[in-house]
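Please read the structure below before turning to the comments.
The values are calculated or read from the model by the stated rules, or taken from the named source; none is laboratory data. Worth saying up front: this structure is predicted, and the values here are computed from it rather than measured. Because the Cβ atoms are built from the backbone with ideal geometry, glycine has one as well, and the counts that use them run over all protein chains shown. What goes into the accessible areas is simple: the full protein's heavy atoms, side chains included, and nothing from ligands, DNA or RNA. Shrake-Rupley method; radii C 1.70, N 1.55, O 1.52, S 1.80 Å.
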Amino acid sequence: MNSIKNNINKIYIFKFFLCFLIMIPVFVPYILSFNLTMLDIFILQMVFGITMGVMEIPSGYLCDLWGRKPTLMLGGFLWGIGYTIFYFADSFLLFALFEATVGIAAAMVSGADFSLLYDSLKQNTPRGEKTKFVGNMQSYGVFGEAVASIGCGFLMIYSYMHVMSAQLIAAWIPFFVTIFLIEPKYKKMDKKSHKKNFKKILRHLFFSDKLLRLTFFNLVVYSLATFFVVWIFQKYWQQEKIPLKYFGIIWATYNLTVGLVSRNVHRIEKKMGAFSVLVAMG
């Protein structure tokens, strides 16, 4: 039981380094330095968004078929491969290959980490406590990005390549963490009838559970929408002639705010109720 319980800390570490995106605060200026345009950047984000969106249901199916650990391992491996491509990329096509690779990786990880965390908790864990653990996992992610953003500010004193080298190293850590995860027991899907399994998943997702359907569309659409809006910020900062070394500090401030809220969301939900929290978020 202790080995399963240790999953929780490993998942936190996994989430921290998955979100340790030290290159993100200077992503737009870095891409533009290769004579690409803002239109190219938005197309690249479209590649990421479409790839992740298309792979969401298949990745969930693989999770039910193989197990959460193998799916997370595949996601972590593709994440490392993606950022290896990014390190050497110098053209639109290579950057597009990077976006597609990390899009598949993100889809593999999406949901599998939550599922493994939930099943690593004791069965009699109260719902409020489970919300606390989920909030903690989310906060580890945003704190990871915040720490990475501050690191980006320091490394940009030297060069882009210092930032990209640190990103390459950090991107492989999630894969190595997944090797040490333990898969809790759960009922897997029948491997013999893929068509039947897919019908069952689609029926459950789109027809049998209204709340699940709304949650799914909300998460997918909201997440993909923010991928586009967020890239406007860095170009705007450039136009305002803010030095690149400060981009990381600005980005870190945003992420620290998100992290603090994530760590306290279970208290807010307990006080206001889940419905009120969702309305406030909207």
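With all protein chains kept in place, the per residue accessible area of the stretch 1-154 amounts to 39 square angstrom at a probe of 1.4 angstrom.
Heavy-atom accessible surface of I157, to the nearest 10 Å², is about 110 Å², with a 1.4 Å probe and all protein chains retained. Applying both filters, DSSP loop and at most 14 other Cβ atoms within 10 Å, to the chymotrypsin sites (Phe, Trp or Tyr not before Pro) of the stretch 26-108 gives F34.
Measuring nothing but protein heavy atoms, the accessible surface of the stretch 13-67 at 1.4 Å probe radius is 77 percent carbon and sulfur. In a simple Cβ point-charge model (Lys, Arg +1; Asp, Glu -1; nothing else charged), the stretch 1-115 has a dipole of about 520 debye relative to its Cα centre.
The orientation-averaged shadow of the Cα convex hull for the stretch 28-184, equal to a quarter of the hull surface, comes to 10.1 nm².
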